[in-house]
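Read the structure below first, then the notes.
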Amino acid sequence: MKTEKTKKDKSIRPSVATVTIFLVIVAILISIPLLQHRQFLKFVSDFSRVTTRTETKNVVYCNYEGEDILLNQEQKVDIYRKIVFSELKRRAEPSEEMAESGMTVTYGILATLTLAPAEYKGEEALYVEYHSENMDYTYLAPHLSYSVFEKIIKGL
């Protein structure tokens, strides 16, 4: 014969399982954006280090439309500001095809930054591909236009 205690134990188990599954799903949904943000902060930190180390040296070049252009301090800082304050929308897989349609900024032997026009959800975006001795990072930045960086490089 079943006692009252046995009946209560069995009725609680499905509730506990449901709550546990719900909490796991919530934890996953919260941790993914936090992980992406942490990776973006690591990228920004490394990019800041590279920009700072090349601050007084004339070693930052941009390959734009087949021409190597030496960047001055103001251009380097403008590029840095636009990238750092960009809105990271999603990580992207590196794309040689996309990278070929853009410009590459070389920070001496420390790093390269490739910027190219992209599209995100039907709107203009910027493809950003970064390679340094410490990390490789690629993402899409909506609300950033490739033409803004063209103007920086051209000195407009």
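Just so you know, all these numbers are worked out from the coordinates, no wet-lab data involved. It should be emphasised that the depicted structure is a prediction, and the values quoted were computed from it without experimental measurement. Neighbour counts are summed over all protein chains in view; Cβ atoms, including those assigned to glycine, are modelled from backbone coordinates with ideal geometry.
So which of Lys76/Lys121; Lys42/Lys151; Lys121/Lys151; Lys42/Lys82 end up more than 20 Å apart by C-alpha? Don't jump to the answer; show the numbers that get you there.
Working: Lys76/Lys121 29 Å; Lys42/Lys151 27 Å; Lys121/Lys151 25 Å; Lys42/Lys82 17 Å.
Going by Cα-Cα distance, Lys76/Lys121; Lys42/Lys151; Lys121/Lys151 fall outside the 20 Å limit.
Per-residue Cβ neighbour counts within 10 Å put Leu23, Leu110 in the sequence Leu23, Leu110, beginning with the fewest. Estimated purely from DSSP H runs of n ≥ 4, each contributing -39500 (n - 2.57), the mean residue ellipticity at 222 nm for the chain is -16500 deg cm²/dmol once divided by its residues. Cross-link partners for Lys154 among the aspartates and glutamates, with Cα-Cα distance under 15 Å and sequence neighbours closer than 8 places in the same chain left out: Glu65, Glu67, Asp68, Glu74, Asp78. A straight chain from Ala17 to Arg49 at 0.36 nm per residue would run longer than the Cα-Cα distance by 6.8 nm. Here's the picture: charge each Lys and Arg Cβ at +1 and each Asp and Glu Cβ at -1 in the range 4-154, and of Ile30, Tyr146, Gln73 the one pushed furthest to the positive end of that dipole is Ile30. Here the Gaussian network model covers the chain, with springs between Cα atoms less than 10 Å apart; of Arg38, Arg81, Arg13, Arg13 fluctuates the most.
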